[in-house]
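K.L.:
Here you go, one structure.
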Amino acid sequence: MFKIAIMGCGVVGSGVADILIEKKEELSKRFNDTVELKKILDLRDFTGTPYESYATKDAEEIFSDPEIKLIVMTIGGLDFAFNLSKRALESGRHLVTSNKEVVAEYGKELTQLAFDNNVQFLYEASSGGGIPVIRPINICLSSNDIYEIQGILNGTTNYILTRMKDDGMSFEDALKLAQKNGYAEAEPSADVDGHDACRKIAILSTLAYDEYVDYKKVPCDGIRNISYEDLLMSEKLGYSIKLIGGSKKTDAGISCSVEPLLLPKTNMLSGVSSVFNSVMVKGTYVGDVMFYGRGAGKLPTASAVAGDIIAILCGAEEKVLPGFMSKEAELVPAGNTPARYYLRIKLGEAAKADFDSSAEALFGKEAKTTEQGEYAAVLTGYFTKEELNSRIAQLEQSIAVKCENIIKAED
Ligand code: HSE
């Protein structure tokens, strides 16, 4: 008897319920046991829905039921979801969650509790939605030393950037459309300011490097300052702008950040558009591995939760994922090696004649420029950030222009 309870029947929870109801017989046959959904905890009224016969508003009905062996936590937010998650593990039940806030904040405590109670705590859906990336990092690629992860980890911001570029929308209009389509989190700053991607890259990095990466210490910048002109001008220069969660492990230590970057068309992440997510993982034996798929949404995310349930039924993962219990990584700055940068310059009529020659003189022979309306863009040669800032100041003094945005460009 392996019965399952779902806590939280919102978008993801109801998707998990749908899968468990639909696959009940198949799962029971496969595992030669009764594998089924028994309860759904939610305060809403489900009369007349497929969830009616499972619904309860009382968590005790779940915690007092010895048939329930696994709890799926799909309640969002932090403390309420954490307290119920904790109780689930303390009561000797496996815990599967899609709640990345709880994993990023309380991963250590919950992992320890899972060890102590000899149960599993799995969270494939917490990063990359439906894309299997946590289990590949933790198991399939774990003979490698993973040394870099780069990912588009937030579907909402990727959707906003795509709509802005393809449909000429402002950031505000594209955000409203993302909210209307149900992509944006209730509080849009979690998406647009990069916090959601930050939690996800911290979770992936913790597992990949086996050192706990505290998401609160990860430098994080979002997409509010990206304009339609930036997207168009970077396109003309041969690049896409993407919000990238990235981390690297070098001899100096682990660096981790979330920031918009210009990616050349040869970087496969540059072609990932709309709500899709993608993660590139680099390992010493395997080289580059790319994961791509739906990073959000009811059934894709529920598919990842169901994958964790099946992994537990398989008994394949004898140990819970250890990363969060490892020592905390001392994050190092990304380094100040010279890089190319994209500059968005507000260009008055008077400055137009001198712009190209001034840009080339200051930003190197490899510098490229382009214009769009009252703006110009420079893709600079290779400079340290300090040197770059000094040259931008010289440009602003020599011809009457203003640099309004600086974005690092990847090779
Ligand atoms: N708001 C998130 C996103 C949902 O847009 O990617 C999935 O974590």
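K.L.:
With a point put 7 Å past each Cα toward its Cβ, work out how far Y382 is from I406 in nm, to one decimal.
P.N.:
According to this spin-label approximation, the distance is 1.9 nm.
K.L.:
Please check: in the Gaussian network model of the chain (C-alpha springs, under 10 Å), which one of G129, G13, G373 has the largest mean-square fluctuation.
P.N.:
Result for the chain, Cα springs under 10 Å: G373 fluctuates most.
K.L.:
Mind listing the phi-derived Karplus ³J(HN,Hα) values for region 96-101, rounded to whole Hz, using 6.51, -1.76 and 1.60 with θ = phi - 60°, and x for any glycine or proline?
P.N.:
10, 9, 10, 7, 6, 4
K.L.:
Send over a whole-number figure in Å² for the accessible area per residue of the chain, probe 1.4 Å. Can you show the working numbers first?
P.N.:
Details: 17680 Å² over 411 residues.
The answer is 43 Å² per residue.
K.L.:
Another question, if that's okay. Could you sort the peptides 302-313, 213-224, 331-342, 94-105 by per-residue average Cβ neighbour count (10 Å cutoff), highest mean leading?
P.N.:
On the way: 302-313: 22.2, 213-224: 19.2, 331-342: 15.8, 94-105: 26.0.
Result, highest mean Cβ count within 10 Å first: 94-105, 302-313, 213-224, 331-342.
K.L.:
Then there's this: By a straight-distance test (C-alpha under 12 Å), which aspartates and glutamates pair with K236 as possible cross-link partners, with residues fewer than eight away in the same chain excluded?
P.N.:
By straight Cα distance, K236 reaches E371.
K.L.:
For the chain, modelled as a Gaussian network with Cα springs under 10 Å, which listed residue fluctuates most, S247, S270, S64?
P.N.:
Ranking S247, S270, S64 by mean-square fluctuation puts S64 first.
K.L.:
When N is the residue count of the chain, what does its C-alpha Rg come to as a fraction of 2.2 N^0.38 Å? Can you show the working numbers first?
P.N.:
On the way: Rg = 23.7 Å, N = 411, 2.2 N^0.38 = 21.7 Å.
In units of the 2.2 N^0.38 Å rule of thumb, it is 1.10.
K.L.:
7 Å from Cα along Cα→Cβ at both D65 and T250: what's the point-to-point distance in nm?
P.N.:
5.3 nm
K.L.:
Follow-up question, since we're still on this one. With the Cα gyration tensor of region 44-197 giving a ≥ b ≥ c as the square roots of its eigenvalues, does the rule (a/c under 1.5 for rounded; else a/b larger than b/c for prolate; else oblate) give rounded, prolate or oblate? All intermediate terms of the calculation are to be shown ahead of the outcome.
P.N.:
On the way: a/c = 2.51, a/b = 1.36, b/c = 1.85.
Verdict is oblate for region 44-197.
K.L.:
Mind scanning K282/K365; K176/K385; K24/K69; K200/K298; K242/K385 and naming the pairs with a C-alpha gap bigger than 23 Å? If you can, show how the numbers build up before the last one.
P.N.:
Values: K282/K365 32 Å; K176/K385 34 Å; K24/K69 15 Å; K200/K298 18 Å; K242/K385 20 Å.
Going by Cα-Cα distance, K282/K365; K176/K385 fall outside the 23 Å limit.
K.L.:
Let me ask something else about it. Report the calculated FRET efficiency for S91 and E374 (r = Cβ-Cβ distance, R0 = 60 Å), to the nearest 0.05. Don't skip to the end; give the middle numbers.
P.N.:
Values: r = 63 Å, r/R0 = 1.05.
FRET efficiency, S91 to E374: 0.45.
K.L.:
With a cut-off of at most 16 other beta carbons within 10 Å, and DSSP calling the residue loop, which chymotrypsin sites (Phe, Trp or Tyr not before Pro) in region 227-310 qualify? Please list them.
P.N.:
Details: sites: Y228, Y239, F276, Y285, F291, Y292; in loops: Y285.
Qualifying residues, ordered by number: Y285.
K.L.:
In percent, how large is the relative contact order of the chain, given Cα pairs closer than 8 Å and 6 or more residues apart? Don't jump to the answer; show the numbers that get you there.
P.N.:
Values: 886 pairs, mean separation 70.7, N = 411.
This gives 17 percent for the chain.
K.L.:
Same structure again: If R₀ is 51 angstrom, what is the calculated FRET efficiency for the pair N83 and D173, using the beta carbon separation as r and rounding to 0.05? Intermediate results must be reported in sequence, preceding the final value.
P.N.:
Values: r = 39 Å, r/R0 = 0.77.
Calculated value: 0.85.
K.L.:
A further question on this structure: Find how many whole Å separate the alpha carbon centroid of region 64-93 from the alpha carbon centroid of region 382-411.
P.N.:
Value for the Cα centre distance between the two parts: 51 Å.
K.L.:
Going by amide H atoms built from the backbone, whose H comes under 5 Å of the H on A184, apart from near neighbours?
P.N.:
Those lying under 5 Å, H to H, from A184 are Q179.
K.L.:
Tell me, what ³J(HN,Hα) does each residue in region 189-199 have, in order and in whole Hz, if you take phi through Karplus 6.51 cos²θ - 1.76 cosθ + 1.60 with θ = phi - 60° and put x for Gly and Pro?
P.N.:
These are the phi-based 3J(HN,Hα) values: 5, 4, 7, 6, 8, x, 5, 5, 4, 5, 4 Hz.
K.L.:
Report the label-to-label distance for T266 and V332 in nanometres (one decimal), using points 7 Å from each Cα along the Cα→Cβ vector.
P.N.:
2.7 nm
K.L.:
On the accessible surface of the chain, probed at 1.4 Å, how many percent belong to carbon and sulfur atoms? Don't jump to the answer; show the numbers that get you there.
P.N.:
On the way: 8660 of 17680 Å².
Ligands and nucleic acids excluded, carbon and sulfur reach 49 percent.
K.L.:
So what are the radius of gyration and Dmax for the Cα set of region 182-298, in Å?
P.N.:
Both quantities, over Cα of region 182-298: 14.8, 42 Å.
K.L.:
A follow-up question, please. Just to make sure I understand: if all protein chains stay in place, what is the order of D288, D196 by accessible area at 1.4 Å, largest first? Intermediate results must be reported in sequence, preceding the final value.
P.N.:
Working: D288 95, D196 5 Å².
Highest to lowest solvent-accessible surface, that is D288, D196.
K.L.:
Gain in length, C314 to E52, computed as 0.36 nm per residue apart minus the alpha-carbon separation, to one decimal in nm?
P.N.:
Details: separation 262, 0.36 × 262 = 94.32 nm, distance 2.94 nm.
The C314-E52 span can extend by a further 91.4 nm.
K.L.:
On to the next question. With a ≥ b ≥ c the root eigenvalues of the C-alpha gyration tensor of region 366-411, is it rounded (a/c under 1.5), prolate (a/b larger than b/c) or oblate? Please list the in-between numbers first.
P.N.:
Details: a/c = 1.89, a/b = 1.13, b/c = 1.67.
Oblate is the answer for region 366-411, as a/c is 1.5 or above yet b/c matches or exceeds a/b.
K.L.:
Let me make sure I get this right: for region 2-122, a, b and c are the square roots of the gyration tensor eigenvalues over alpha carbons, sorted descending. Under 1.5 in a/c it's rounded, otherwise prolate if a/b > b/c, else oblate. Which is it?
P.N.:
Working: a/c = 1.73, a/b = 1.25, b/c = 1.38.
Judged from the Cα gyration tensor, region 2-122 comes out oblate (a/c at least 1.5, b/c at or above a/b).
K.L.:
Which whole-Hz ³J(HN,Hα) couplings does region 396-409 yield from phi under the Karplus relation 6.51 cos²θ - 1.76 cosθ + 1.60, θ = phi - 60°, glycine and proline marked x?
P.N.:
These are the phi-based 3J(HN,Hα) values: 5, 7, 6, 10, 6, 9, 10, 7, 9, 8, 10, 10, 5, 10 Hz.
K.L.:
Full-extension gain between R44 and N118, please, as 0.36 nm times their residue separation minus the C-alpha to C-alpha distance.
P.N.:
Details: separation 74, 0.36 × 74 = 26.64 nm, distance 3.29 nm.
Value of the extension gain: 23.3 nm.
The values are calculated or read from the model by the stated rules, or taken from the named source; none is laboratory data. Note that this is a predicted model, so its numbers are computed, not measured. Please note: Cβ atoms are built from the backbone with ideal geometry, for glycine as well, and neighbour counts cover all protein chains shown. All accessible areas refer to the heavy atoms of the entire protein, side chains included, with ligands and DNA or RNA removed. Shrake-Rupley method; radii C 1.70, N 1.55, O 1.52, S 1.80 Å.
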